[in-house]
């Protein structure tokens, strides 16, 4: 398993991709007057937005997996409720 | 932010993640920039020699062994000193940020807040470039 640092780095990367994906999706839709677009352009816009939303969905799943990978590091070393280090036998 | 804030400006994006490159290209093209993206430090240096970008957005942590964004920054400073170099860092890299600043990085973008701060950092860069500073 990768180091905790690498796992946090990985999590930051997924977050960054989700955030940028949302930004470009917002950009794609911003100030669009659908009534002025041809049906072909609307179709392209939908396809583009759906593609990016699909990617964002994949990134969220990947980020969740990374969080799951990180959980043992926390739970094996920290009481998750009291938020204090666990005593090692 | 003006939709065409980057008109007439060239930007180079270095990130070892193709999705980040693709999203960044889309973001900057929409704002009128002439965009080049690359996944490796070596290629970023070659592109700088060839195209002399006005702005370089450099990810510090690269997966490619032996070369970091800091190494690329050093080379760009030699090849093209007028380039406005923005280092993309992480929250826990304070010492690297300090090193980048010493080496002449123009600004920083924290990865965790990239989308939130991108407009702000880019507006600042464009203003400085248009006024003739780096």
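Which residue is farthest from the chain's Cα centre (by Cα), if the candidates are limited to the stretch B:57-108 and must be within 14 Å of another protein chain (Cβ to nearest Cβ) and at pLDDT 85 or above? That would be B:68.
Could you go through the stretch B:37-48 and let me know if any residue there is within 13 Å of chain A (Cβ to nearest Cβ) and either in contact with a helix residue (DSSP H, G or I) (Cβ under 9 Å, 6 or more places away or on another chain) or in contact (Cβ under 8 Å) with a residue 24 or more places away in the chain (or both). If you could, list the steps in order and put the result at the bottom.
Step one: list which residues in the stretch B:37-48 are within 13 Å of chain A (Cβ to nearest Cβ), which gives B:37.
Remaining after also requiring either in contact with a helix residue (DSSP H, G or I) (Cβ under 9 Å, 6 or more places away or on another chain) or in contact (Cβ under 8 Å) with a residue 24 or more places away in the chain (or both): B:37.
Among the residues of the stretch B:37-48, at least one is within 13 Å of chain A (Cβ to nearest Cβ) and either in contact with a helix residue (DSSP H, G or I) (Cβ under 9 Å, 6 or more places away or on another chain) or in contact (Cβ under 8 Å) with a residue 24 or more places away in the chain (or both), which makes the answer yes.
Is it the case that the stretch B:77-97 has a residue that's in a helix (DSSP H, G or I), surrounded by 22 or more Cβ atoms within 10 Å (Cβ to Cβ) and touching a strand residue (DSSP E or B) at 6+ places or on another chain (Cβ under 7 Å)? First the steps, then the outcome.
The initial filter retains those residues of the stretch B:77-97 that are in a helix (DSSP H, G or I), namely B:77-79, B:94-97.
Then drop every residue that is not surrounded by 22 or more Cβ atoms within 10 Å (Cβ to Cβ), which leaves none.
Looking through the stretch B:77-97, none of the residues is in a helix (DSSP H, G or I), surrounded by 22 or more Cβ atoms within 10 Å (Cβ to Cβ) and touching a strand residue (DSSP E or B) at 6+ places or on another chain (Cβ under 7 Å).
The set of residues from the stretch B:109-127 being assigned to a helix (DSSP H, G or I) and within 14 Å of chain A (Cβ to nearest Cβ) comprises B:111, B:112, B:113, B:114, B:115, B:116, B:117, B:118, B:119, B:120, B:121, B:122.
Checked against (1) within 14 Å of chain A (Cβ to nearest Cβ); (2) in contact with a helix residue (DSSP H, G or I) (Cβ under 6 Å, 6 or more places away or on another chain); (3) surrounded by fewer than 23 Cβ atoms within 10 Å (Cβ to Cβ), residue B:3 passes all but a single condition, namely (2).
Taking the conditions (1) facing chain B (nearest Cβ under 9 Å); (2) touching a residue at least 12 places away in the same chain (Cβ under 8 Å); (3) closer than 19 Å to residue B:17 by Cβ in turn, residue A:12 satisfies each one other than (2). From the list A:48, A:7, A:17, the lone residue that is surrounded by fewer than 16 Cβ atoms within 10 Å (Cβ to Cβ) and either in contact with a helix residue (DSSP H, G or I) (Cβ under 7 Å, 6 or more places away or on another chain) or without any contact (Cβ under 8 Å) to a residue 60 or more places away in the chain (or both) is A:48. In the condition set (1) in contact (Cβ under 8 Å) with a residue 40 or more places away in the chain; (2) under 24 Å from residue B:115 (Cβ atoms), residue B:81 is compliant with all but (2).
The values are calculated or read from the model by the stated rules, or taken from the named source; none is laboratory data. Just so it is clear, the model here is predicted, and its values are computed rather than measured. Glycine gets a Cβ as well: all are built from the backbone with ideal geometry, and neighbour counts include every protein chain shown.
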